[in-house]
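Structure, as structure tokens:
Just so you know, all these numbers are worked out from the coordinates, no wet-lab data involved. Nothing here was measured: the structure is a model prediction, and the numbers come from that model. Cβ: placed from backbone, ideal geometry, glycine included. Neighbour counts: every protein chain shown.
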Amino acid sequence: MKILVTVKRVSDPEAKLKIKPDGSWIQTEGVKFVVNPFDEIAVEEALRIKEKQTGEVVVVSIGEKVVTEQMRAALAMGADRGIFVNYTGSYDSYDVANILQKVVEQEKPDIIILGKQAVDDDMGAAGFMLAELLGYPQAAFASKVEISDDKKKAKVTREIDGGLEVKEVELPCVITADLRLNTPRYASLPNIMKAKQKPVKEVTVDALGAAVKPRVTVKKLTEPPKRKGGVKVESVQDLVTKLKNEAKVI
Amino acid sequence: MKQHFFTEEHDMFRKSVRDFVIKNLVPHANEWEEAEDYPKTLFKTLADMNFLGIRYPEKYGGMGLDIFYDIVFYEELYRSRMPGLCLDVMVDTDMATPVLFKHGTEEQKTKYLTKMIKGDAVFAIGYTEPNAGSDVAGIRSTAKKADGGYVLNGSKIFITNGTWADYIIVAAKTDSAKGHKGITLFLLDTKTKGFTVGRKLKKLGHHTSHTAELFFDDCFVPENMIVGEINKGFYYIMEGFQTERIMGSVGVIALAQVALEDAVNYAKERMTFGKPISQHQAIAHKLVDMATQLEAARQLAYHGAWLLDQGEDATKEISMAKLNSCEVANKVTYDAIQVFGGYGYMEEYPVARAYRDARMFTIGAGTTEIMKEIIAKRMGLY
């Protein structure tokens with residue numbers, strides 16, 4: 001069974017970010033970059049499926065050369081090889097889906113697992129778009145994935161408002177990983193050392209034949225408004241009046 | 001930021017160790033510190049993560065990696081805020097067993113070193129005695145030749161892992177007339193008849209460490225448990241001190257680094273006179289001094305570690321690193337409490353512990369005064 005997993009380089013969710021003075025993007029100097037936490041969960045799930053079924057886990061990353069650092073981290077967790085799509089410039093979720101579609105057509109994986117969203121822009125769109133472009137069934141926000149004995153179907157439990165939904169999808173399919181799907185493993189020291197030797201194929205967007213035409217562009221980043229100090233109310237009656245008339249929540 | 005001694009692989013390893021420490025050690029820190037104990041099974045857990053044989057060759061179950069992987073491991077392990085536990089681990093893997101690896105027989109390595117790396121046995125070093133520490137030649141424990149081996153008598157004190165070690169590298173006089181040229185090292189199985197552990201010693205700091213007094217009463221050690229050659233023990237010990245001292249430097253710097261980070265975070269939040277204390281110049285400059293001295297200490301320790309890893313005789317540099325890092329760390333943890341004010345003096349704040357724990361380092365593995373003696377000789381002053 002071949003599983004394709006996407007890995008995005010994102011700023012450390014724990015880093016305190018600052019916006020560039022011109023508002024074009026965040027200041028990246030001195031910021032630590034990590035694997036998108038949802039992609040880490042996706043990699044873990046791919047590895048677990050592989051360990052049960054045997055097969056291969058292939059990691060894909062898109063961007064400048066630095067993204068291979070995060071790809072290596074996924075290889076250190078145990079993925080078998082990487083595909084690095086070298087692309088400098090801006091792109092949106094649809095471009096990502098287009099690029100991934102070409103990679104899928106070349107690699108023909110049985111399952112494609114993405115993180116449900118990247119924690120930098122929180123778009124959460126590429127997975128849906130990819131499934132649509134490929135015409136594959138999809139199961140988003142997976143909290144449990146079971147592969148059928150004949151390896152033809154996947155039973156996916158999804159977290160939805162107010163409960164769980166269980167979907168059965170035929171392979172090949174697209175799955176996006178939610179927070180509670182699993183706990184990613186530590187990259188063990190032997191695997192970290194092995195990761196260096198694992199093959200990473202570098203391809204360009206042109207060579208893949210993918211079109212990159214961003215439909216969504218970032219106009220400007222601004223900080224959220226500063227929180228204002230609260231007020232002390234004299235009595236419960238006061239509070240109720242304010243909640244009713246000012247906050248309009250009751 | 002790029003670091004001279006660390007590659008991308010070192011960074012990945014750092015992340016793994018950090019995640020491990022946050023999930024498996026940090027949640028227990030207060031409980032284990034208070035109990036002055038932790039489960040011995042932790043060694044197995046660490047071994048399963050390949051943490052206990054980082055520098056040892058793969059044929060003994062190790063990873064065969066450079067000293068900076070080991071340094072990464074300790075820098076992150078100290079984030080558990082349990083320096084006592086860290087010391088137990090350090091003694092096991094980087095202080096007691098190196099002599100076995102360097103001078104032990106193939107049989108000893110296959111049988112005992114592998115056990116340590118797998119986490120199936122815990123090791124201790126038995127050199128220090130009530131009347132002899134760095135003055136190793138002054139030890140009084142004796143090993144008398146007997147049929148098929150030696151008979152050990154005497155006692156040891158301040159032995160880390162002493163309460164629960166499975167094996168101890170014991171130094172004893174095999175020729176009392178010859179001073180330092182009459183010392184031999186033995187690998188003692190603690191199940192040997194005549195071996196007893198005295199009391200677990202109560203200490204100022206390092207509460208999670210298992211420190212004890214040991215007694216040997218006619219303990220028979222067979223021939224095949226002699227480490228290296230007869231009467232060469234003193235030289236092996238001196239050689240081993242270099243690793244011990246550089247790892248001690250790394251440890252105390254890691255400990256002080258955590259205290260510094262705690263102090264910085266606290267200073268940014270604690271408000272006085274309408275602003276965070278980090279914006280009062282007296283505190284800001286204090287934090288700057290702490291960070292600067294610690295960074296300088298760290299770089300000297302890295303340099304010493306690198307020289308050692310290259311197989312150079314770095315006695316002077318390592319003694320300087322030990323001297324400097326231990327003194328700096330004591331100052332940094334002292335100042336960290338000052339930043340915390342009254343809260344820092346409270347047991348529930350980890351800086352209080354860090355201050356006590358740092359105190360051991362200007363004494364253990366050779367005092368500050370001994371370091372100065374070594375450096376003075378190397379400078380040609382005596």
**Request:** Please sort B:162-169, A:221-228 by packing, taking for each peptide the average over its residues of neighbouring beta carbons within 10 angstrom, highest first.
**Result:** B:162-169, A:221-228
**Asked** With a 10 Å Cβ neighbour count serving as the proxy for reagent exposure, in which order, fewest first, do B:LYS203, B:LYS145 appear?
**Response** B:LYS145, B:LYS203
**Prompt:** Exposure proxy check: A:ARG215, B:ARG140 ranked by fewest other beta carbons within 10 Å?
**Reply:** A:ARG215, B:ARG140
**Prompt:** In deg cm²/dmol, rounded to 500, what helix-only [θ] at 222 nm does chain A give when every DSSP H run of at least 4 residues adds -39500 (n - 2.57) and the total is split over its residues?
**Reply:** -8500 deg cm²/dmol
**Fill in**
Under the 7 Å Cα-to-Cβ spin-label approximation, B:LEU381 and A:LYS213 lie apart by a distance in nanometres of 7.7
**Fill in**
To the nearest 10 degrees, the tilt of helix B:350-359 (Cα long axis) against the first principal axis of the alpha carbons of chain B is 40
**Message:** Mean-square fluctuation check for chain B, GNM, Cα pairs under 10 Å: which of B:THR105, B:THR211, B:THR142 is largest?
**Reply:** B:THR105
**Fill in**
The alpha-carbon center of the range B:271-309 and that of the range A:125-200 are separated, in whole Å, by 45
**Request:** Please identify the helices of chain A, taking whole runs of DSSP H, that span at least 15 Å along their own axis as judged from the Cα atoms and have a mean Kyte-Doolittle score of -0.5 or higher.
**Result:** A:67-77, A:93-107
**Request:** State whether the protein assembly as shown is rounded, prolate or oblate according to the following rule on the C-alpha gyration tensor (a ≥ b ≥ c being the square roots of its eigenvalues): a/c under 1.5 gives rounded; otherwise a/b larger than b/c gives prolate, and the remaining case gives oblate.
**Result:** prolate
**Prompt:** Among B:TYR349, B:TYR56, which comes first, then next, by fewest other beta-carbon atoms within 10 Å?
**Reply:** B:TYR349, B:TYR56
**Fill in**
per DSSP, antiparallel bridges as share of beta bridges in the protein assembly as shown, % nearest 5, sits at 60
**Prompt:** Cα gyration tensor of the range B:8-117, axes a ≥ b ≥ c as square roots of the eigenvalues: rounded (a/c below 1.5), prolate (a/b > b/c) or oblate?
**Reply:** oblate
**Request:** Enter the angle in degrees (range 0 to 90, nearest 10) between the Cα long axis of helix B:368-378 and the first principal axis of the Cα atoms of chain B, meaning the one along which they spread out most.
**Result:** 70
**Asked** Angle, helix B:281-309 long axis vs. longest principal axis of chain B, Cα atoms, 0 to 90°, nearest 10?
**Response** 30
**Complete:** For chain A, whose charge dipole is built from +1 on Lys and Arg Cβ atoms and -1 on Asp and Glu Cβ atoms, the candidate among A:ILE175, A:TYR136, A:PRO13 with its Cα farthest towards the positive end is A:PRO13
**Label-point separation, B:GLU8 to A:SER235 (7 Å along Cα→Cβ), nm** = 6.9
**Asked** GNM on chain B, C-alpha springs below 10 Å: top fluctuator among B:ARG356, B:ARG270, B:ARG298?
**Response** B:ARG270
**Prompt:** Over 31 Å between Cα atoms, which of A:LYS65/B:LYS316; B:LYS109/B:LYS144; A:LYS220/A:LYS244; A:LYS153/B:LYS118 qualify?
**Reply:** A:LYS65/B:LYS316; A:LYS220/A:LYS244; A:LYS153/B:LYS118
**Request:** Shielding by partners for A:176-189, please: the mean number of other protein chain Cβ atoms within 10 Å of each residue's Cβ.
**Result:** 3
**Asked** Where the centre of each part is set by its Cα atoms, how far does the range A:84-122 sit from the range A:1-40, in angstrom?
**Response** 15
**Asked** Given the C-alpha centroids of the range B:134-158 and the range B:335-382, what is the distance between them in whole angstrom?
**Response** 31
**Message:** Antiparallel versus total DSSP beta bridges in chain A: what percent is that, nearest 5?
**Reply:** 40
**Protection proxy ranking of B:373-379, A:191-197 - average other beta-carbon atoms within 10 Å, highest first** = A:191-197, B:373-379
**Complete:** Mean other chain Cβ within 10 Å across B:14-23 is 3
